[in-house]
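Chemist: Supplied in structure tokens, the structure appears directly below.
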Amino acid sequence: MKLTKHAHACVTLEKDGTRLVIDPGTFTPDAAEAVSRAHAVLITHEHFDHFDEKLVAAALEDRPDLHVYGTAAVAAALGGQSSRVHTVIAGDTFTAGSIAVSVHGHRHAPIHADIPCPDNVGYLLDGGVLYHPGDAYFAPEAPVRTLLLPTSGPWTKLGEAADYVRAVKPERVIQIHELMLSELGRQSTANLLGEKGLTGTPIDLLEPGTTVQL
């Protein structure tokens, strides 16, 4: 499986001719291009930086073969195309082309008592090749080879991120959701959380557009 990193929380996965896009939000400048080539789009939750509602709705209108998977709130926002919009919850499994997907987690990480926590799901691909947690530090009860780790945003805390990596025990970590960090902040975060830091696990900093083999 190949992973292409896009800005913020969006990634593209490719395997045996199947292309999935996870979390094409409004902070991702090339989200429309990524979605235009995808067989399926997976959305972790409805926040705009993960889910560009207008973009995904337009893609569904233009492409009768496109399928979208997401929480109930995501499905409701795309209700006009419900036959190809699939509501998923923790415990669900499905196959998108050649890629097997299982769904984990329930809620967005808390930001503040005054701000509601929406539903949030994570996606585990091909039995543990990759896990995208959305906006939560939920550890799936399954081995994870590559963990996509959110490192910036109003809900994140580096101490909790370190404990999360320790709980998941991945072979590799790729930093995502890092757009609110400066270059110095990204490097400092990688040093604190990485192989010589609190977790002992290699952490990759990928520039948007970079493709790696998983």
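The values are calculated or read from the model by the stated rules, or taken from the named source; none is laboratory data. Only a predicted model underlies this, so the values are computations on that prediction, with no experimental measurement involved. A quick note on method: Cβ atoms are made from the backbone with ideal geometry, for glycine too, and the neighbour counts reach across all protein chains shown. Areas reflect the complete protein model, heavy atoms only, side chains present, ligands, DNA and RNA absent. Shrake-Rupley method; radii C 1.70, N 1.55, O 1.52, S 1.80 Å.
Yes/no matrix, rows are residues, columns are (1) open to solvent by 10 Å² or more (accessible area, probe 1.4 Å); (2) closer than 26 Å to Leu20 by Cβ; (3) of a type outside the set (A, V, I, L, M); (4) in contact with a strand residue (DSSP E or B) (Cβ under 8 Å, 6 or more places away or on another chain):
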site	(1), (2), (3), (4)
His106	yes, yes, yes, yes
Ala109	yes, yes, no, no
Gly122	no, yes, yes, yes
Thr156	yes, yes, yes, yes
Glu160	yes, no, yes, no
Val168	yes, yes, no, yes
Arg172	yes, yes, yes, yes
Met180	yes, yes, no, no
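Chemist: Let me ask you something else. Within the stretch 159-185, work out how many residues are under 23 Å from Lys2 (Cα atoms) and either of a type in the set (D, E, K, R) or in a helix (DSSP H, G or I) (or both).
Modeler: Going through the stretch 159-185, the residues under 23 Å from Lys2 (Cα atoms) turn out to be 165, 168-179.
Subset that is either of a type in the set (D, E, K, R) or in a helix (DSSP H, G or I) (or both): 165, 168-169, 171-172, 178.
Of the residues in the stretch 159-185, 6 are under 23 Å from Lys2 (Cα atoms) and either of a type in the set (D, E, K, R) or in a helix (DSSP H, G or I) (or both).
Chemist: Here's another thing I want to ask about it. The conditions are (1) free of Cβ contacts under 8 Å to residues at least 24 places away in the same chain; (2) open to solvent by 30 Å² or more (accessible area, probe 1.4 Å), and Ala75 fails exactly one of them. Which is it?
Modeler: That leaves (2) as the condition not met.
Chemist: Confirm whether Asp52 is touching a residue at least 60 places away in the same chain (Cβ under 8 Å) and closer than 30 Å to Leu158 by Cα.
Modeler: It is false that Asp52 is touching a residue at least 60 places away in the same chain (Cβ under 8 Å) and closer than 30 Å to Leu158 by Cα.
Chemist: Looking only at the stretch 145-154, which residues are touching a Gly at 6+ places or on another chain (Cβ under 8 Å) and open to solvent by 10 Å² or more (accessible area, probe 1.4 Å)?
Modeler: Arg145
Chemist: Within the stretch 186-208, is even one residue touching a His at 6+ places or on another chain (Cβ under 8 Å) and within 28 Å of Gly91 (Cβ to Cβ)?
Modeler: Looking for residues that are touching a His at 6+ places or on another chain (Cβ under 8 Å) and within 28 Å of Gly91 (Cβ to Cβ), one finds none in the stretch 186-208, hence no.
Chemist: Next up: Which of the residues that make up the stretch 30-48 are more than 18 Å from Val129 (Cβ to Cβ) and touching a residue at least 60 places away in the same chain (Cβ under 8 Å)?
Modeler: Asp30, His45, Glu46, His47
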